[in-house]
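Colleague: Once you've had a glance at the structure underneath, I'll fire off some questions.
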Amino acid sequence: MRSRNPVFSREGSFTRNDQYAGFGTQTAAQPGQQPYGQQAYGNNPYGQQPYGDPHAGQQPLTDEQLAVMYDAPSAGPLQTGRMTMDDVVARTAMTLLTLVGSGALAWFLVPTDNFAPAIGAAVAAMVIGLVVSFKRSVNPGLILAYAALEGVFLGAISKLFETFWPGIAIQAVLGTAAVFAATLIAYKSGRIRVTPRYTRIGISIAIGFSILLLVNLVATLLGADFGLRSGPLGIVVGLVGIALGAFFLTLDYAEIEEGIRHGAPEKEAWRAAFGLTLSLVWIYIEMLRLIAILRGDD
């Protein structure tokens, strides 16, 4: 199954043409075997044996050997080397703590009258984010560097918004947490199903939304104003932006579940953490803008 999330839909992601990162260069199939990535759905893509009895063609185990296997502890993450939900939670927590920590430093150290450090951090974070997105192998250091730089930008911009609308930062944090929890509950309860049609529609809207914002940015630099970030139209744009962030979160959830189910390497938990962080940063920024519009001159 091809990855649906833009963060994961490239070489080095959880799934790419029905294969996992690092498994894209397989040897030719032996006679009687299907090539890797062309097995029937439900088969183990990592094994070399057909779905069914893994010990086919081997001598049967003795009663003593069966007893030893039965009494042995079940394989855990350290034994299997495969990604688990605990791995994803731990890596995501590390990434978000790095982001929050650098954001707190920027809040106290970056002055509101000199936004150059924040802009520089945002550009550097964007570059590193692109490198992480298209890099075949997972690099935890780059992911943590992205989180630290993104945190500097978010801390500085949050402080700037706070000077005009006191309390807006905590409101945006609570709003982002609420969106995260709501999408997770809806996804786990089956109210949201990540289907190919759902994905195609969401990606199409996201592309159109991004083009619209890019055109608005260019127009703003040229002195024009389409009103996409103010008034009733700005509120609609803000709600669409938050909805798209929630959409990307559901893609993240689906990819994480798929990676765990098919035994993705443990290191892929870092890629999952990166995807979740991207989605949460998107939602937080859109939440800041929406709350600022709603509060107006309060």
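The values are calculated or read from the model by the stated rules, or taken from the named source; none is laboratory data. Everything numeric here is computed off the predicted structure, so don't read it as measured data. FYI the Cβ positions are ideal-geometry reconstructions off the backbone, even for glycines, and counts take in every protein chain you see.
Colleague: Just to be sure before I move on: is G245 under 24 Å from A178 (Cβ atoms) and under 16 Å from the mean Cα position of the chain (by Cα) in the structure I sent?
Modeller: For G245, the condition - under 24 Å from A178 (Cβ atoms) and under 16 Å from the mean Cα position of the chain (by Cα) - is met.
Colleague: Would you check which residues across segment 98-124 are of a type in the set (A, V, I, L, M) and within 15 Å of Y284 (Cβ to Cβ) and list them?
Modeller: Hits for segment 98-124 are L99, V100, A104, A106, A118, A122.
Colleague: For segment 200-234, which positions are touching a Ser or Thr at 6+ places or on another chain (Cβ under 9 Å) and at pLDDT 80 or above?
Modeller: G202
Colleague: Sticking with this structure for a sec: Can you tell me which residue is farthest from E257 (Cα to Cα) among those in segment 190-214 that are surrounded by fewer than 13 Cβ atoms within 10 Å (Cβ to Cβ) and β-branched (V, I, T)?
Modeller: The residue in question is I211.
Colleague: Further question on the same structure: Can you tell me which residue in segment 136-175 is modelled with the highest pLDDT, limited to those that are closer than 21 Å to N114 by Cα and of a type in the set (S, T, N, Q)?
Modeller: The qualifying residue modelled with the highest pLDDT is S158.
Colleague: What pairs come up if the first residue lies in segment 184-197 and is within 18 Å of L276 (Cα to Cα), the second is in a loop (DSSP other than H, G, I, E, B) and of a type in the set (A, V, I, L, M), and their beta carbons are under 8 Å apart, counting only those six or more places apart or on different chains?
Modeller: A186/I192; Y187/V194
Colleague: Given the structure, is S158 closer than 21 Å to R289 by Cβ, polar (S, T, N, Q) and buried (at least 17 other Cβ atoms within 10 Å of the Cβ)?
Modeller: yes
Colleague: Report yes if A186 is in contact with an Asp or Glu (Cβ under 7 Å, 6 or more places away or on another chain) and surrounded by 11 or more Cβ atoms within 10 Å (Cβ to Cβ), otherwise no.
Modeller: For A186, the condition - in contact with an Asp or Glu (Cβ under 7 Å, 6 or more places away or on another chain) and surrounded by 11 or more Cβ atoms within 10 Å (Cβ to Cβ) - is not met.
Colleague: Scan V173, V281, V194, V179 and give me the residue that is within 20 Å of the chain's Cα centre (by Cα) and part of a loop (DSSP other than H, G, I, E, B).
Modeller: Of V173, V281, V194, V179, the one residue that is within 20 Å of the chain's Cα centre (by Cα) and part of a loop (DSSP other than H, G, I, E, B) is V194.
Colleague: Looking at (1) touching a residue at least 40 places away in the same chain (Cβ under 8 Å); (2) closer than 18 Å to I207 by Cα, which is the one condition that is false for G263?
Modeller: (2)
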